[in-house]
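As structure tokens, the structure follows; a few thoughts come after it.
The values are calculated or read from the model by the stated rules, or taken from the named source; none is laboratory data. Note that the structure is a prediction, hence the values are computed from the model and not measured. Please note: Cβ atoms are built from the backbone with ideal geometry, for glycine as well, and neighbour counts cover all protein chains shown.
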Amino acid sequence: MAFFLLSSVLFTSCGGDKNGDAVFFPIDNDLQLGLQVSQQVDSAYGSKGQLLNRNSSNTRTRAAYAHLDAIVERLLESGEVSYREEFPWDVKIINDPEVQNAFATPGGHIYVFTGLIKYLDNEDQLAGVLGHEIAHADQRHSIKQLQKQYGISVLTKLILGNESGNLERIFTQVGGQLVGLKFSRDYEREADEYSVRYLGATDFYACDGAAGFFQKMQSLESKGVPPEFISTHPAPANRIREIQTRAQEQGCKTSTASNTGYQEFKRNLGL
């Protein structure tokens with residue numbers, strides 16, 4: 001698969017992206033890299049029978065997907081997602097009750113483990129996590145990290161020197177590392193900030209839902225059971241306070257009604 005467009009197209013798009021950042025890669029690379037990673041994830045968990053089929057004959061599985069889709073759709077329709085139309089933004093459930101994790105690939109393929117859904121108390125917390133992961137994709141953090149890792153000068157030489165084989169090798173190598181990728185502290189802080197913005201703009205969720213999630217993660221850590229999410233994200237130490245401060249600055253609501261719908265969501269997944 002060819003991972004790069006013609007250099008003329010590439011240099012036309014390297015001045016900045018929709019977020020106002022200087023990004024060397026065109027958006028097509030997010031889509032191509034994300035597709036590659038999602039295919040790897042689907043194959044790995046599908047072969048073990050852990051990737052839940054949204055078109056399953058099981059009505060409860062389909063109902064669970066409908067519920068999860070509704071959460072993601074509310075966040076995407078917040079008006080705060082830059083690449084709402086360009087990315088597919090599909091969401092899939094991985095059935096592993098022991099793993100408290102979620103992640104998004106470049107280009108907006110989202111994965112949620114049943115262990116995370118099971119452990120969380122309410123939909124606000126899950127929406128906070130999903131907002132955080134959507135932000136990583138929408139702010140193009142993986143692509144920006146790739147750009148920093150290899151440097152523009154190296155990538156320019158590869159492109160202008162027509163070394164497509166080396167470019168593909170780089171993308172293949174990076175693609176295999178993206179599940180479990182650790183982002184910089186700045187990128188994590190930015191994803192937290194956008195989670196607050198997404199949730200607050202929906203007027204449906206407590207906008208500091210991600211803080212509730214990190215409080216749950218802290219309780220797991222205190223029991224000596226570090227969750228999978230913490231292995232790929234910085235510890236929540238000051239992040240709870242920063243999220244709550246951001247919510248206060250935005251003046252968005254920090255409490256919601258009952259979570260009976262979330263409990264039904266869990267039951268549909270057998271949690």
inquiry  = Could you tell me how many of the residues in the range 56-78 are out of contact with any Phe, Trp or Tyr (no Cβ under 9 Å at 6 or more places or on another chain) and part of a loop (DSSP other than H, G, I, E, B)?
reply    = 3
ask   = Of everything in the range 38-63 that's in contact with a strand residue (DSSP E or B) (Cβ under 7 Å, 6 or more places away or on another chain) and either more than 16 Å from THR114 (Cα to Cα) or among the hydroxyl-bearing types (Ser, Thr, Tyr) (or both), which residue is modelled with the lowest pLDDT?
value = SER38
query = Does the range 170-187 contain at least one residue that is within 30 Å of ALA70 (Cβ to Cβ) and modelled with pLDDT of 85 or more?
reply = yes
note = Of the residues in the range 64-87 that are in contact (Cβ under 8 Å) with a residue 40 or more places away in the chain and touching a strand residue (DSSP E or B) at 6+ places or on another chain (Cβ under 9 Å), the one that is surrounded by the most Cβ atoms within 10 Å (Cβ to Cβ) is ALA64
